[in-house]
Every structure is written in C-alpha cells, then in structure tokens.
Amino acid sequence: MNLPDGLYDSVRKLALDRHQTVTSLMEQSLRRIVNEQTVSEAARAASASAALPDAQIPAKLLVTGGAGFIGSNFAHWLVANTDSTVTVLDKLTYAGNRESLAGLPEDRVRLVVGDICDADLVDSLVKDTDAVVHFAAESHNDNSLNDPSPFIQTNLVGTYTLLQAVRAHDKRFHHISTDEVYGDLELDDPERFHEYTPYNPSSPYSSSKAGSDLLVRAWVRSFGVRATISNCSNNYGPYQHIEKFIPRQITNILSGLRPKLYGSGENVRDWIHVDDHNSAVWTILTRGRMGETYLIGADGERNNKQVLEDILRLLGQPADAYDLVRDRPGHDLRYAIDSTKLRSELGWLPKYRSFSEGLAATIEWYKNNESWWRGAKEATEAMYAKQGQ
Ligand SMILES: NC(=O)c1ccc[n+]([C@@H]2O[C@H](COP(=O)([O-])OP(=O)(O)OC[C@H]3O[C@@H](n4cnc5c(N)ncnc54)[C@H](O)[C@@H]3O)[C@@H](O)[C@H]2O)c1
C-alpha cells in the first residue's frame with residue numbers, strides 16, 4: 001500500500017515514540033524489580049547480621065591452586081588463623097611455585113603435585129577431606145588472548161572434575177571467582193557490580209571463569225551440591241607472579257628498569273589486599289548460605305596511573321618515571337564491587353582500610369624476598385617486550 005507523502009513519516013515517528021515509551025517503561029519496571037530484590041536482600045541481611053550464622057569449621061581442607069598467588073596466601077592465612085590441616089593440589093604451572101609454601105609446618109600443610117582435571121586423583125583427595133576451596137585456574141588475561149586452550153581445560157573441565165567428586169562424596173565446596181565475569185563499567189558510571197549484575201565477560205579468561213561459575217550453580221541446583229561462590233576484585237600482596245601489574249612495576253623499579261603503563265592508564269580496578277580476600281573466603285566457607293554468591297571487595301577503586309604513581313612515590317622515584325606501552329586488546333575499563341551482602345549478612349570487614357598501607361607492606365615483601373621473584377624476571381620482561389609492552 002502506498003501512503004501519501006508525509007503520512008508515512010508521521011506513522012513511523014509515532015511507532016518509534018511508542019516503542020521508546022514501552023522500552024523505557026519496561027526498563028523502569030526491571031530496575032524497580034532489581035532494586036526491590038537488592039533492598040529486600042539488604043534488609044534481610046541487616047536483620048541476620050544481629051545474629052551471625054553458626055560457623056561450620058572444616059578440620060581438613062583441600063585447596064586447589066594452593067601454590068599460586070592467592071591460594072598460597074590462603075595456606076599461610078589458615079595456618080596463622082585456624083587449626084585446620086591443608087592439602088594443596090597444584091599442577092605447578094609457570095604460575096605455581098612450591099617456594100610460596102616454604103616455611104609452613106609439615107604437619108599442617110602438604111603439597112600434592114597434580115592436575116585438577118585428573119579425575120582419579122581428584123576423587124581420592126576429595127574423599128579424604130571435609131571441604132574443598134577451589135582457587136586453581138589459568139588466571140592471566142594476556143595469556144588467554146595468546147592461547148585460550150589451557151583456560152578452557154583448567155577453568156571449565158577442571159571445575160567440572162572437582163564438582164563431580166564433591167557430588168559423589170557429598171563434600172562442601174567453595175568456588176573462587178572474579179568480578180571480571182561481569183564485564184566492565186564506564187569510567188563515569190556510578191554503578192558497582194552486585195550479586196544481581198548480569199554476566200558479560202569479555203576475554204577468554206573471564207568467559208571461562210563465568211562458565212565455571214555457572215557449572216557450580218547448576219551442580220547446586222541439579223545435584224544438591226553444598227557449594228558457595230565468591231567473586232572478588234583485583235588482589236595484590238606477597239607471592240603474586242611478577243607478570244601481574246603491581247609486582248611487575250615494583251620489581252622493574254627494584255631491577256633498575258622503568259615501569260610500564262598500558263595505554264593512558266585510565267583503567268580502574270578495585271584493589272583488595274590478598275589477606276582480606278582470604279579472610280572473606282574463610283567467612284563464606286564457614287558461615288555462608290548454601291548455593292549463594294558473595295561479592296568480595298574493599299572499596300579500593302584506583303586507576304592504573306594512580307597505582308603506578310603510588311608505587312613510584314613509595315619507592316622514592318619521580319612521579320613520571322615510567323614508559324607508556326601498547327594497550328591490551330579489549331582492555332576492560334572499570335571494575336567496582338559492592339560487597340554489602342557479605343558485610344551485612346556475614347559480618348565481614350577488610351583489615352586493610354587504606355590501599356597505601358597494604359601497598360607499602362607489599363613493596364617491603366618484594367624488597368625482602370628477591371630470591372622468590374628474581375628467577376622469573378628476565379623471561380617475563382622478554383615476553384612483554386615481544387608484545388611491545
Ligand atoms: N589475582 C586476582 O586478582 C584475582 C581476583 C579475583 C579472583 N581471582 C581468582 O582467584 C584464583 C587464584 O588466582 P591467582 O591470582 O592466585 O592465580 P595464579 O595464576 O597465581 O595461581 C593459579 C594456581 O593454579 C595452579 N593450576 C593451574 N592449572 C592447574 C591445574 N590444571 N591443576 C592444578 N593446579 C593448576 C597453578 O599452578 C597456580 O599455582 C583464580 O581462580 C582466579 O580466577 C584472582
């Protein structure tokens with residue numbers, strides 16, 4: 001049918017206006033539902049905080065990835081703060097280091113070198129434990145861009161293998177995940193990630209972690225596995241591989257090399273000291289509600305340029321003594337965590353109230369433990385140089 005000139009445009013405009021009104025009404029309703037859920041969650045949590053749930057303390061723990069950065073700090077934290085014994089299962093990839101467990105008492109911590117994808121090994125270790133805390137992962141975004149295959153294998157197949165074992169032996173399971181599953185936020189967005197934020201991962205690393213979270217949720221729902229999940233923001237602290245942003249800059253300066261800043265350094269991360277992450281994991285493991293997800297964060301938003309300037313200041317260097325290097329493809333802009341649920345429901349609080357305090361302690365650690373990182377420095381910088389970074 002041919003409409004007269006002008007009428008077609010009027011009808012089209014009316015239809016578009018209507019569409020926009022309906023879309024905006026739908027958006028408003030959706031926002032209201034999410035807000036109501038969040039508010040009622042917070043209200044329920046606030047009343048629960050008056051009487052915290054009783055702690056269920058596991059005597060024997062299996063910690064996967066316990067020779068890596070966060071897992072090894074968790075083993076140290078457990079020895080210092082609990083009576084539990086720990087079996088670490090770690091493949092000792094380039095990111096694992098048995099030296100990170102050096103000095104821990106042998107009657108409390110033992111290391112089993114093996115793969116979380118090895119179903120027989122996993123089954124035998126899970127059978128003999130009270131709870132599993134699952135840190136093991138391929139965890140470096142840049143590596144996932146160069147070769148995604150180990151990320152799919154360890155993060156997805158490995159998590160599946162562990163879930164089958166805890167299901168078979170009815171063991172408590174806590175899954176460690178990342179805020180990167182939520183994608184990123186605009187720099188000027190007032191929003192932060194919370195437990196209802198939709199998943200929107202952007203790299204092979206974050207998508208494989210997102211997939212592993214969904215496997216855990218499905219095993220809870222379909223098979224009644226007793227599991228919890230935590231999604232944490234960026235960690236810093238001792239025993240972190242020097243390929244990662246903060247230790248790379250610290251060890252560059254300690255080696256007489258200039259630090260490197262990706263792009264313009266505007267990308268914002270929400271930094272948390274690794275001990276605060278681990279105290280939150282223990283809180284969730286011992287008091288968390290089954291099937292729940294908790295976000296862990298310490299209100300530490302800072303952009304990469306600010307972090308680098310802090311490091312330079314603490315090491316007595318001029319604020320501009322660094323080089324700008326090529327940005328990472330698809331580099332997420334901003335992550336920010338709202339950890340209200342964890343704080344109000346389970347009463348958790350971070351120990352480090354200031355980023356500078358935790359950073360100064362971390363710099364001291366790298367100064368005093370050169371033997372731990374020196375061996376990996378040359379190869380790490382050669383790898384970055386090849387990428388123009
Ligand atoms: N580093 C962060 O800022 C951060 C933030 C939030 C969440 N997370 C999550 O925390 C967990 C630990 O991160 P990290 O920074 O300590 O990582 P990491 O790379 O330092 O350590 C990972 C450990 O897992 C081991 N591993 C890898 N594949 C394995 C396999 N197939 N079988 C057994 N062991 C294997 C490695 O040898 C290494 O010791 C990961 O699940 C990561 O997604 C990390």
Notebook entry, point to check: Taking every DSSP beta bridge that has both residues in the chain, what percent is antiparallel when rounded to the nearest 5?
Noted result: 10 percent
Checklist line | Separation in nanometres of the label points that stand 7 Å from Cα toward Cβ, at Glu370 and Arg98 | finding: 2.6 nm
Notebook entry, point to check: Based on the Cβ-Cβ distance from Ala80 to Ala51, what FRET efficiency comes out when R0 is 30 Å, to the nearest 0.05?
Noted result: 0.65
Next item on the list: Name the residue farthest towards the positive end of the dipole of the range 60-386 from the options Ser177, Tyr262, Phe355, assuming +1 on Cβ of Lys and Arg, -1 on Cβ of Asp and Glu, about the Cα centre.
Entry: Ser177
Margin query: For a quick check: sort Trp77, Trp348 by the number of other beta carbons within 10 angstrom, fewest at the front.
Written below: Trp77, Trp348
Notebook entry, point to check: When you take every Cα atom in the range 138-189, what is the radius of gyration, and what is Dmax, the widest Cα pair distance, in Å?
Noted result: 14.8, 47
Notebook entry, point to check: Build a GNM of the chain with springs between Cα atoms under 10 Å: which of Asn141, Asn81, Asn155 gets the top mean-square fluctuation?
Noted result: Asn81
Notebook entry, point to check: Karplus couplings for the range 374-383 from phi (6.51 cos²θ - 1.76 cosθ + 1.60, θ = phi - 60°), rounded to Hz, Gly and Pro as x?
Noted result: 4, x, 9, 5, 4, 5, 5, 5, 5, 5
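Please work out the FRET efficiency for the pair Asp107 and Met383, using the Cβ-Cβ distance as r and a Förster radius of 45 Å; give the result to the nearest 0.05. Write out the running numbers ahead of the final one.
Numbers: r = 39 Å, r/R0 = 0.86.
The pair Asp107/Met383 has a calculated efficiency of 0.70.
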Next item on the list: Taking the Cα centre of the range 140-220 as origin, sum charge times position over the Cβ atoms of Lys and Arg (+1) and Asp and Glu (-1), and report the length of that vector in debye to the nearest 20.
Entry: 720 debye
Margin query: Let's see if you can work this out: charge +1 on each Lys and Arg Cβ, -1 on each Asp and Glu Cβ, no other charges. What is the dipole magnitude of the range 181-230 about its Cα centre, in debye to the nearest 20?
Written below: 540 debye
Margin query: Taking the beta-carbon count within 10 Å as an exposure proxy, list Lys341, Lys386, Lys127 from fewest neighbours to most.
Written below: Lys386, Lys127, Lys341
Check: Once both labels are modelled 7 Å past Cα along the beta-carbon direction, what's the Glu357-Met290 spacing in nm?
Finding: 3.8 nm
Check: Taking the chain as a Gaussian network, Cα atoms linked when under 10 Å apart, which of Val79, Val122, Val132 shows the biggest mean-square fluctuation?
Finding: Val79
Margin query: Counting other beta carbons within 10 Å of each residue's own, what order do Phe151, Phe223 fall into, fewest first?
Written below: Phe223, Phe151
Notebook entry, point to check: How big is the convex hull of the Cα atoms of the range 111-203, per residue, in Å³?
Noted result: 129 Å³
Next item on the list: Within 10 Å, count the other beta carbons around each residue, average over each peptide in 266-275, 287-296, and list them highest first.
Entry: 266-275, 287-296
Next item on the list: Take each of the peptides 321-329, 95-103, 362-370, average the number of other beta-carbon atoms within 10 Å over its residues, and list them starting from the highest.
Entry: 95-103, 362-370, 321-329
Note to self: Against the empirical 2.2 N^0.38 Å scaling, what ratio does the C-alpha Rg of the range 231-389 come to?
What the structure shows: 1.10
Margin query: If packing is taken as the average count of other Cβ atoms within 10 Å, what order do 110-117, 69-76, 160-167 fall into, highest mean first?
Written below: 69-76, 160-167, 110-117
Item checked: Pairs of lysines in the chain (C-alpha under 12 Å apart; 8 or more residues apart or interchain) -> 6
Next item on the list: Calculate the spin-label point distance for Asp170 paired with Asp323, positioning each point 7 Å from the Cα along the beta-carbon direction, and give it in nanometres.
Entry: 6.0 nm
Check: In vacuo Debye scattering of the range 60-386, one point per C-alpha: log10 I(q)/I(0) at q = 0.10 Å⁻¹?
Finding: -0.54
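Only the coordinates and a few stated rules stand behind these numbers; no lab work does. Just so it is clear, the model here is predicted, and its values are computed rather than measured. Reconstructed Cβ throughout: ideal geometry from the backbone, glycine too, with neighbour counts over all protein chains shown.
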